[in-house]
Amino acid sequence: MTIAPTLEQKPLRDTHGRTIKYLRISVTDRCDLRCRYCMSEKMTFLPRSKLLSLEEIAIIAERFIARGVTKIRLSGGEPLVRRDVAELVQRLGHNIGSGLEELTMTTNGTRLAQHAEAMVDAGIRRVNVSMDSRDPERFRYITRHGDVSQVIGGIYAARDAGLAIKINMVALKGFNEDEIAPMLAWCRDEGFDLSLIETMPLGAIDEDRTDRFLPLTKVFDDLGQQFTLARDAHKTGGPARYWNVDGTRTRLGLISPLTANFCEGCNRVRLTTEGKLYMCLGHDDQVDLKAALREGGTAGLDEAIDAGLFAKPKAHDFRIGQGEGPAVARHMSVTGG
């Protein structure tokens, strides 16, 4: 007799045959910076009453773990601006080794120095730090008011605490393309990894993204003239393709949603701080897990997750070009990096 799988055994598989192993959680849409390609200068954030509670985030995350998710990344906005994020990290960290293989975070680094040791104690072993320039004036311009020395100080504090560091750098034509090779050299010398990211058409911003779009195909060709880059089979569960740099332990990752579509192997979904589950960064289809949990408990949550997986699209619809609007209205800070 065939026994139907329990909810814990039922795989998180979409209609395109992809198994979901990776959950990204935006714990807040707020940020203490205002990066020009990510946010408008004057943002309207969700009222706190609309947010998932810490307990609700944990319940949803643990339900995904029970159903096969092995990696969770906390993001924002800036996750470290949420007051109770340390408690969430500690609770989720208890699941490492019991289904969850890795808990990570993407941060802008401004508060990393204060939180690094607690993150390590909770089970986080590596973080991604978003930093598009090490030049103080450029950094201040792109973030509208940020202090790069504070971020770099946080990076070194995190390394000293035992965290592995990966720098996330959005490649922007006419702004930081001359810094990409020096950033890679710095990462190599300091023992950090570097991921380069093409700008994505998410949300209305105050500038034309077309003017800043820099294809990573060109960037990679230029870097190949200055560094020895060998293809690396390393995988982190995300969309990056990796290369080893100059025979060191430093890896260069390329995240190219426009010039090298990575949707075929997509294994992730995204939970917003409001409780909406987005199946794709480039589509508006979503299910409301907050309402499902509050109205139907765990069973309602499972039904909503299954409905979301059924609706997961095959690919995003990102396009960059003159006259092209954003692929979706929501900003990157809503669904996280």
(request) Might you tell me the accessible area per residue for the stretch 1-131, computed with a 1.4 Å probe and given in Å²? (result) 45
(message) Taking the alpha-carbon distance from Lys10 and a cut-off under 18 Å, which aspartates and glutamates remain once sequence neighbours fewer than 8 residues away in the same chain are dropped?
(response) Glu62, Asp302, Glu303, Asp306
(message) I want the antiparallel fraction of DSSP beta bridges within the stretch 65-191, as a percent rounded to 5.
(response) 0
(message) List the residues, sorted by chain then number, that are 5 or more residues from Thr104 or on another chain and whose placed amide H is less than 5 Å from its amide H.
(response) Ile72, Arg73, Leu74
(message) Above 20 Å lies some portion of the pair distances; for the stretch 2-144, what is it as a whole percent of all C-alpha pairs?
(response) 54
(request) Sort 174-181, 102-109 for me by packing, meaning the mean count of neighbouring Cβ atoms within 10 Å per residue, highest on top. (result) 102-109, 174-181
(message) What lysines does Lys166 reach when the alpha-carbon gap must be under 18 Å and sequence neighbours fewer than 8 apart in one chain are set aside?
(response) Lys71, Lys235
(request) At a 1.4 Å probe radius, which order do Tyr278, Tyr22, Tyr141, Tyr156 fall into by accessible area, largest first? (result) Tyr141, Tyr156, Tyr278, Tyr22
(message) Distance cut-off 29 Å, Cα to Cα: go down the list Lys21/Lys290; Lys290/Lys314; Lys42/Lys314; Lys173/Lys290 and report the pairs above it.
(response) Lys42/Lys314; Lys173/Lys290
(message) Considering only protein heavy atoms and a probe of 1.4 Å, how much of the accessible area of the stretch 1-145 is carbon and sulfur, as a whole percent?
(response) 49
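The values are calculated or read from the model by the stated rules, or taken from the named source; none is laboratory data. Please read these numbers as outputs of a predicted model, since none were measured by experiment. Cβ coordinates were reconstructed from backbone atoms using ideal geometry, including for glycine residues, and neighbour counts include every protein chain displayed. Accessible surface is based on the protein model in full, side chains and every heavy atom, while ligands, DNA and RNA are left aside. Shrake-Rupley method; radii C 1.70, N 1.55, O 1.52, S 1.80 Å.
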